[in-house]
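The values are calculated or read from the model by the stated rules, or taken from the named source; none is laboratory data. Not measured: the values here are computed from a predicted model. Methodologically, a virtual Cβ is constructed for each residue, glycine included, from the backbone with ideal geometry; neighbour enumeration extends over all protein chains shown. The area values use the complete protein model at the heavy-atom level, side chains included, leaving out ligands, DNA and RNA. Shrake-Rupley method; radii C 1.70, N 1.55, O 1.52, S 1.80 Å.
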Amino acid sequence: LDYSKHIRRKINMQNIVWEPSSYHLKKSNLAKYIAFINSNYDKDFKNYDELYNWSVDDISNFWESISIFTKIKFSSLPDSIYKKHNSFIKTQWFEGAKLNFAENLLKYKDDSIAIEYFCENKLKGKITYRQLFDRVSNCAYYLESLGIKKGDRVAGFMPNIPEAIIAMLASSAIGAVWSSCSPDF
């Protein structure tokens, strides 16, 4: 897959600073996605430009393929993927579908890195998906013990730290609406 030619053409670069090796191109998520499209949608895309053209020519199949390839978990499947309207704002995407944002972000429970942070107080660290899942579960349980339920609003006045992400995911996991404001605002 020759992505570098596309990138140079799109941004009109003359001097290339970095270019991925053919090994890395073949192992990239984009290469895996193109292979998925070719085998599941009866296509024979060889490069980014062909994929791009398909994404704008066949919008419904493109976005359906994205939801399947990325393994989005729906609690109710969409009636349609894309209903175009003259006004972009009124265009319908995944009409009828329901999903839980937190469920989709917490679908991995392994030891790969979910969050890598460097806080304002120079504290830095990493949180694995397993640790994130456990922390979100504990926070969600605590919120429920306070009587927070689906449809309630939860607001946080906290800095940009991992706990803000954890509180947001915990609120979303139980169906509450999350809002936050950083103290530096």
For the chain, what is the mean residue ellipticity at 222 nm derived from helices alone (per DSSP H run of n ≥ 4: -39500 (n - 2.57); sum divided by total residues; nearest 500 deg cm²/dmol)?
-> -13000 deg cm²/dmol
Rounded percent of accessible protein surface that carbon and sulfur make up, the range 127-185, 1.4 Å probe | 56 percent
Express the accessible area of the range 84-185 per residue in Å², computed with a 1.4 Å probe while the remaining protein chains stay in the model.
-> 70 Å²
From the backbone phi of the range 152-164, what are the Karplus-calculated ³J(HN,Hα) couplings (6.51 cos²θ - 1.76 cosθ + 1.60, θ = phi - 60°) in whole Hz, Gly and Pro given as x?
-> 5, 10, 10, 10, x, 10, 8, x, 7, 10, x, 4, 5
At 0.692 mPa s and 37 °C, Stokes diffusion of the chain via Kirkwood alpha-carbon radius, µm² per second | 164 µm²/s
Peptides 162-171, 130-139, 81-90, 149-158: what's the order by average Cβ count within 10 Å, highest mean first?
-> 162-171, 130-139, 149-158, 81-90
What whole number of Å gives the distance from the Cα centroid of the range 131-174 to the Cα centroid of the range 63-82?
-> 26 Å
Relative contact order for the range 10-89 using alpha-carbon pairs under 8 Å, separation at least 6, rounded to a whole percent?
-> 18 percent
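Expressed in nm to one decimal, what extension gain is obtained for the pair A164 and L99 from 0.36 nm per residue of sequence separation less their Cα-Cα distance?
Using 0.36 nm per residue and subtracting the Cα-Cα distance, I get 21.3 nm.
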The chain: relative contact order from alpha carbon pairs under 8 Å, six or more residues apart, as a whole percent, is 13 percent
Largest-first principal axis extents of the Cα set of the range 128-175 (Å) = 28, 22, 14
One would report the Cα pair-distance distribution of the range 82-185, bin width 5 Å, in %, as 2, 12, 17, 18, 17, 14, 10, 7, 3, 1
